[in-house]
Amino acid sequence: MNPGLTAESEGRVSGAPEGGFSPGGAAGLPEGLPVIKREVIFKVLGSAKRWRMLALLMDGEPHRVKELARAGGCSDSLASKDAQVLLKAGLVVERVGLYRLNPVWRAGPGMLDFGHAVLRLDWGRMQG
């Protein structure tokens with residue numbers, strides 16, 4: 001179990017985030033829900049290509065780096081580095097070279113809930 005990360009219905013989540021989580025119970029939030037620090041969100045989502053990668057991952061399916069690269073509009077090498085940033089922040093989980101959205105953040109179709117902020121990723125609007 002990751003320090004400070006509580007996984008609910010999907011079981012335990014592996015991949016140790018680097019200091020981006022608190023165990024929940026923050027102002028007005030139910031105890032036990034994960035909360036990601038705002039600074040981590042701003043840093044991780046400060047890249048348009050990572051936004052596009054997350055939008056692809058919203059389908060809930062596992063994706064290879066090559067697919068993330070295509071979505072991000074970058075090389076496989078850069079996509080791999082960005083996937084590691086998402087992994088270290090705890091936004092995605094990785095298993096045998098496949099990345100998928102960390103289920104603890106999914107709030108509904110196209111939405112991520114970080115405990116104090118809800119992010120809507122609308123793939124259609126991001127195409128331009």
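Each reported figure results from applying straightforward, stated rules to the coordinates on display, with no laboratory input. In this text the structure is predicted, and so the values were computed from the model without any measurement. Neighbour counts are summed over all protein chains in view; Cβ atoms, including those assigned to glycine, are modelled from backbone coordinates with ideal geometry.
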* Structure fact -> Checked the range 44-95 against the a/c 1.5 cut and the a/b vs b/c comparison, axes a ≥ b ≥ c from its Cα gyration tensor; verdict rounded
* For ASP76, net neighbour charge (Lys/Arg +1, Asp/Glu -1) across residues whose Cβ lies under 12 Å away -> +2
